[in-house]
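Participant: Shown below is the structure under consideration.
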Amino acid sequence: MSELLNIDFASYGVKEHLQSYLNEIWPQMRLFAQRQLRQDALAEDLVQEALLSAIQNADKFKGQAAVKTWVFSILRRKIADHFRKSPRTPTDQTVNMTDESEESLDILFDERGRWHPHFQPVEWGNPEATRVQDEFWVTFDLCLNELPEQQCTTFMMREYIGLSTDEIVSELKISINAVNVTLHRARIRLQQCLSIRWFGEQQ
Amino acid sequence: MKHCEAITFLISESQDRSLTLGERFRLKTHLMMCRHCRTYEQSVHQIRDMMKSYSSLDEVSSTETQRPDPRNH
């Protein structure tokens, strides 16, 4: 895989400080696209496309945070478009599906299906105040990354890329029930992870 | 309060499709009785909001910058 970004920024009139910033965030974009697509070449293509359409206007933005937000939003749109246009693209995402659907949430509940005392949900207080803290997002990232791969991908497709469950069904070629079960597991894991790692510490 | 496990699944599904009348009734009556599932439901809504903030990346932490409007060429 190429480590160099194959775009001649100068020919697009992109200022130097912006060039170096785009070079900096490019690996993050590639990683994000690879996680979603599971196809390295395609991921690189979409990242390139996103960067190309971003740099046409990128110079207008003051501040790197704004550029990053914008570039990533273009990349997300491109990934979503890809899923919508070619839901038949074979990916290796289906492979792991069955392993994980065997996973059980039994530990969280007792034999009568009630919350086990140890895992009962705790109030999160005021998450609005929480969310402006940078450290919170580090924890949030950590909890997302701790999800089993299939749960993470499905949850991100739903909540980050914004695909409907029907679209996820045709992309992953699994039943709607499997998608629903996977999303449910991802949500309950995130709830538990954030309760322990963030909201638990706050009290 | 027997069916928390099934109710948490219903709570998750409510994020992805409209529940049927019967499902909504079952959910509501359970939530009236069960504090833990009420708290869980709240967290699931909060996670969705968090994902919205998360997807706009450092927009939240950068007060000095405005979100660019892509329509504004």
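Participant: Suppose we filter segment B:1-36 for residues that are in a loop (DSSP other than H, G, I, E, B) and of a type in the set (Ser, Thr, Tyr); how many remain?
Facilitator: Looking only at that region, the number is 3.
Participant: Would you tally the residues in segment B:1-31 being farther than 20 Å from A:ARG185 by Cα, free of Cβ contacts under 8 Å to residues at least 12 places away in the same chain and either at the interface with another protein chain (Cβ under 7 Å from one of its Cβ atoms) or hydrophobic (A, V, I, L, M, F, W, C) (or both)?
Facilitator: Total meeting the criteria: 2.
Participant: Another one. Looking at segment A:104-121, which of the residues that are outside any loop (DSSP other than H, G, I, E, B) and more than 8 Å from chain B (Cβ to nearest Cβ) is farthest from A:ARG189 (Cα to Cα)?
Facilitator: Ranking the qualifying residues of segment A:104-121, first place goes to A:PRO117.
Participant: For segment A:185-200, indicate whether the set of residues that are part of a loop (DSSP other than H, G, I, E, B), at pLDDT below 95 and more than 8 Å from chain B (Cβ to nearest Cβ) is non-empty.
Facilitator: no
The values are calculated or read from the model by the stated rules, or taken from the named source; none is laboratory data. On a predicted model such as this, the values are computed, not experimentally measured, just so you know. Cβ atoms come from the backbone with ideal geometry, glycine included; neighbour counts cover every protein chain shown.
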